[in-house]
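The values are calculated or read from the model by the stated rules, or taken from the named source; none is laboratory data. All values reported here derive from a predicted model rather than from experimental measurement. A quick note on method: Cβ atoms are made from the backbone with ideal geometry, for glycine too, and the neighbour counts reach across all protein chains shown. Keep in mind that these areas ignore ligands, DNA and RNA; they rest on the heavy atoms of the full protein, side chains included. Shrake-Rupley method; radii C 1.70, N 1.55, O 1.52, S 1.80 Å.
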Amino acid sequence: MTTNMFATIKDAMQKPSQNNNSTSNILRLRAGNTYTVRLVPFAKDPSKTFFHYYSHGWVSEATGQFQSAISPQTWGERDPIAEARFRITRTGTEEEKEKARALNRKENWLINVYVVNDKENPENEGKVKILRFGRQLHKIIMEAIEGDDADEFGERIFDLTEKGCNLRIKVEEQGGFPTYVSSRFASPSEIPGINSDNVGTIYDQVFDLDNVFPVKTYEELETMLNEHYFGTTSTSTNE
């Protein structure tokens, strides 16, 4: 980790993500467990170390299965699902408004991580996985990058050597939902099995986060919404 690489990561966190496709490498976090990881920068292009995105998800009216899609608002583009929800909340019946709550937009981030400890799935240890996280972990990470904890951590959270700091993710349950507020970065420590001679091999294992999820066009999202939310085959959500 160099100072220039760290600066590029910081700058990219302030900008919208750019734009497809496997989720099998996303680290599965379950309440009641603690996971220890080291954040891994995307060395080829540090500005792509994080992937910041918005998404929608709901249970299909047609199949009863869960449907999800990345929102084009991730790239500052029009989103027919968000538009439909906005229209319903303004002009829909109370029943329609209640149903439209399922169309809430979620905000998440992705980052590559080296798994130091995963007691539930020890086969993940020593591998690069993708960490998906929401606002709670985002706050903790940003505090370490440029907030109150930056002097203590800063670029150390991306350092794979003994000078780097692990992220200890503690998953608890509150009100039926997972919470990550007790997670924290630890003091600098070495990662067993990693040294200056093989750090580069870890950088080579990272995933291109822009291509984790398939991306649908406006028209494809419109068709998906009509089929799985409105239960119609109409080509326009404005009908």
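Data for the structure
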| read-out | value |
| --- | --- |
| Which listed residue is open to solvent by 30 Å² or more (accessible area, probe 1.4 Å) and within 19 Å of residue 25 (Cβ to Cβ), from 122, 188, 192 | 122 |
| Residue, farthest from residue 51 (Cα to Cα), within region 204-229, restricted to residues that are among the acidic types (Asp, Glu) and out of contact with any helix residue (DSSP H, G or I) (no Cβ under 6 Å at 6 or more places or on another chain) | 227 |
| Selection status of residue 140, on the phi < 0 side of the Ramachandran plot, modelled with pLDDT of 95 or more, open to solvent by 20 Å² or more (accessible area, probe 1.4 Å) and of a type in the set (Val, Ile, Thr) | yes |
| Residue count for region 64-77, restricted to those that are under 19 Å from residue 228 (Cβ atoms) and among the charged types (D, E, K, R) | 0 |
| Residue in region 107-116 that is over 15 Å from the mean Cα position of the chain (by Cα) and either more than 25 Å from residue 183 (Cβ to Cβ) or β-branched (Val, Ile, Thr) (or both) present | yes |
| Selection status of residue 196, within 17 Å of residue 41 (Cα to Cα) and of a type in the set (Gly, Ala, Ser) | yes |
| Only listed residue being over 26 Å from residue 41 (Cα atoms), within 22 Å of the chain's Cα centre (by Cα) and of a type in the set (A, V, I, L, M, F, W, C), chosen from 62, 100, 82 | 82 |
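Table: residues versus (1) in a helix (DSSP H, G or I); (2) exposed (fewer than 14 other Cβ atoms within 10 Å of the Cβ).
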| residue | (1), (2) |
| --- | --- |
| 131 | no, no |
| 156 | yes, no |
| 161 | no, no |
| 178 | no, no |
| 196 | no, yes |
